[in-house]
Amino acid sequence: MNRQEQQFIDAIGRTGQGEADLQPVLAALRGWLSALDQALQDGRIDAVGLQPGSALARRIAGLHDDLARQAQRRQQQWMALAPARALAQRFEGKLMLLVFGKFNAGKSSLCNFLAQRFRQRGQAVQYFHLQDGQLIESASAFHEGATETTARLQGVCLGDGLVLLDTPGLHSATDDNAALTQRFLDSADAVLWLTSSTSPGQVQELDELARELRRGKPLLPVLTRSDVIDEDELDGQIVKRLRNKSPANRADQEADVHARARDKLQALGVALSQLKPPVSLSAHVARTEGADAAAMEGAGFDRFYAALSALLAPALAYRDRKPAEVLLHHLQEDVLAPLLGQTLPALQALQQLLEQEQATLPAQCARIVQLAWREIMPGLPALLEQHAAADDLAAVLDTVQPLMMHAFERHARAVLDSHVLAAPAAQGIVLPADAGYERAFADDLPPSYEKLYDALGQAIQLSLEALAETTGQVCAARLEALSAAVHRKQQIIHRYTGQLGEIEQGLRRPGL
Ligand SMILES: Nc1nc2c(ncn2[C@@H]2O[C@H](COP(=O)(O)OP(=O)(O)OP(=O)(O)O)[C@@H](O)[C@H]2O)c(=O)[nH]1
Ligand SMILES: [Mg+2]
């Protein structure tokens, strides 16, 4: 009688549905999403006042287009998960163990052996595999082989309460199946990592599991094929016999795998509490020796069942919060990740562009003044000449003022080409009180106007500067408002990232 085995089978049978109420956390997750959508909507960056073709406006439009695309894509992603959800639902309430490992690790052999054990103890055994998104039940055990054999997701239900998922390496799933397989793994409650005792602890294999592990699932490393071939002499004949590796050898290998796995999990950012002490076993020795109590014990199965029993509590904890985990993962991977990976960098680039525009604004304004002034000044001598005889300074100003406004407006539009500019309010040209034509030395000569020319040049300069200042202020305020809007949008994403993290922590808190 194998006590550990029976105890494990009994324990599985007792795992009723947990009483944790997921409704509050599910409501929090849904609330998070709709509040995020609302916040992003309210935080739309208003590009009013910008030329539609400008780099700034195009970038803002691109950002909004991308957000719309994200919203659409995530809807599709959630719909695409429907088959996986439906599949997972078929196993609702059962404990699902992911049996993971490189090809030839002995996954199929272990699953088959465990199935045989359960059957022996009067438990129903049902094999199945995944094909074209459908779950197909089959009567035959998994194929075991020296060459890579398992290329599809397959599993076996043991009794009422346990499901083993025998995965091909996650990478070998075909593209069609990959997403479904990946998502199906969502439903695994714990991971058995099978690593062959011929080269144990190839921890890079765990990279593929990073996603599952970060979800707080417990990990039990299992050193498979923990056996050696012995040559015995029997009645003068040499016979080959498979026997267990020695307890000392097993202990060494387990300690080594434990240490490597610990380092790896640390590097992956996974809590060490999820890692269970590794166990060694040999399905072949247990089988060939008849799987009686002594054979099972010697092959490592007592310790294996004890480790599985210890895995039950954390695995059941995952199982009981699984619906919330599935929604949480969707929000993390399909909603938040694109915001962090695409939108935040785009906002950052936009912010930089805005800063650049703000920084160049004073130089642009100075340039407008310069261009307009240079345009006006060459015409002044002729104008002053024209009105010299009549000493009509007012006529000069009446002609120059609209010319100046026109020149300013044109150059402002050309230089500040990102902005939509309203026609500037009329700006007068104010001459000093004593400015005017100068009486000539002789009465028959017309008055001279050199000083007047200089004074007029200065007055025009001042008027242009006043115009540029007003326009500059409008543009600066606009850029400032845009920058604030971009900042708000960044804050929204940061705030909601933090909030989802808090919901996640609450969900993973022991006792929920
Ligand atoms: N010595 C020894 N060999 C084993 C044991 N378990 C499995 N094997 C052998 O290892 C090889 C691979 O076993 P499988 O169970 O097919 O391995 P797998 O992990 O399912 O491999 P893939 O499906 O290819 O990923 C086969 O040749 C098995 O006979 C064991 O306990 N001891
Ligand atoms: Mg296999």
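The values are calculated or read from the model by the stated rules, or taken from the named source; none is laboratory data. Please read these numbers as outputs of a predicted model, since none were measured by experiment. Heads up, the Cβs are rebuilt from the backbone with ideal geometry, glycines too, and the neighbour counts pull from every protein chain shown.
Some observations on this one:
Quick grid of which residues meet (1) of a type outside the set (Val, Ile, Thr); (2) farther than 30 Å from Ile9 by Cβ; (3) within 24 Å of the chain's Cα centre (by Cα):
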site: Ile45; (1), (2), (3): no, yes, yes
site: Gln77; (1), (2), (3): yes, yes, yes
site: Ala86; (1), (2), (3): yes, no, no
site: Lys94; (1), (2), (3): yes, no, no
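- Some residue of the range 226-235 being crowded, with 24+ Cβ neighbours inside 10 Å, assigned to a strand (DSSP E or B) and among the β-branched types (Val, Ile, Thr): no
- Where Ile136 falls short, out of the listed (1) modelled with pLDDT under 75; (2) in contact with a His (Cβ under 6 Å, 6 or more places away or on another chain); (3) under 16 Å from Arg90 (Cα atoms): (1)
- Matching entry among Phe113, Phe118, Phe103, Phe91 (being within 16 Å of ligand 2 (Cβ to nearest atom) and closer than 26 Å to Glu5 by Cα): Phe113
- Taken as a whole, the range 143-153 holds no residue that is touching a strand residue (DSSP E or B) at 6+ places or on another chain (Cβ under 6 Å) and at pLDDT 80 or above.
- Residue selected from the range 223-240 under the condition of a type in the set (A, V, I, L, M, F, W, C) and at pLDDT 85 or above, by the criterion farthest from ligand 2 (Cβ to nearest atom): Ile238
- Scanning the range 22-53 for residues that are buried (at least 18 other Cβ atoms within 10 Å of the Cβ) and within 25 Å of Arg478 (Cα to Cα) turns up Leu40, Ile45, Ala47, Gly49, Leu50.
- One residue stands out among those in the range 436-471 that are in contact with a Pro (Cβ under 7 Å, 6 or more places away or on another chain), among the hydroxyl-bearing types (Ser, Thr, Tyr) and under 26 Å from Leu421 (Cβ atoms): the one that is surrounded by the fewest Cβ atoms within 10 Å (Cβ to Cβ), which is Thr470.
- Being in contact with a helix residue (DSSP H, G or I) (Cβ under 6 Å, 6 or more places away or on another chain) and either away from ligand 1 (no atom under 16 Å from the Cβ) or part of a helix (DSSP H, G or I) (or both) is a property that does not hold for Arg250.
- Residue within the range 329-339 that is closer than 20 Å to Ala28 by Cβ and among the charged types (D, E, K, R) present: yes
- All positions within the range 64-84 that are touching a Ser or Thr at 6+ places or on another chain (Cβ under 9 Å) and modelled with pLDDT under 95: Ala84
- Annotation note: of Gln348, Gln356, Gln352, Gln332, the sole residue that is out of contact with any strand residue (DSSP E or B) (no Cβ under 6 Å at 6 or more places or on another chain) and surrounded by 15 or more Cβ atoms within 10 Å (Cβ to Cβ) is Gln332.
- When the range 423-452 is filtered for residues that are within 16 Å of Leu464 (Cα to Cα) and hydrophobic (A, V, I, L, M, F, W, C), the ones remaining, listed by number, are Ala423, Ala425, Ala426, Ile429, Val430, Leu431.
- Hits in the range 79-137 - residues which are within 16 Å of ligand 1 (Cβ to nearest atom), surrounded by 20 or more Cβ atoms within 10 Å (Cβ to Cβ) and in a helix (DSSP H, G or I): Lys107, Ser108, Ser109, Leu110, Cys111, Asn112, Phe113, Leu114, Ala115, Arg117
- Residue check for Val257: away from ligand 2 (no atom under 16 Å from the Cβ) and not in a helix (DSSP H, G or I): no
- Count of the range 35-78 residues which are assigned to a helix (DSSP H, G or I) and of a type in the set (Gly, Ala, Ser): 8
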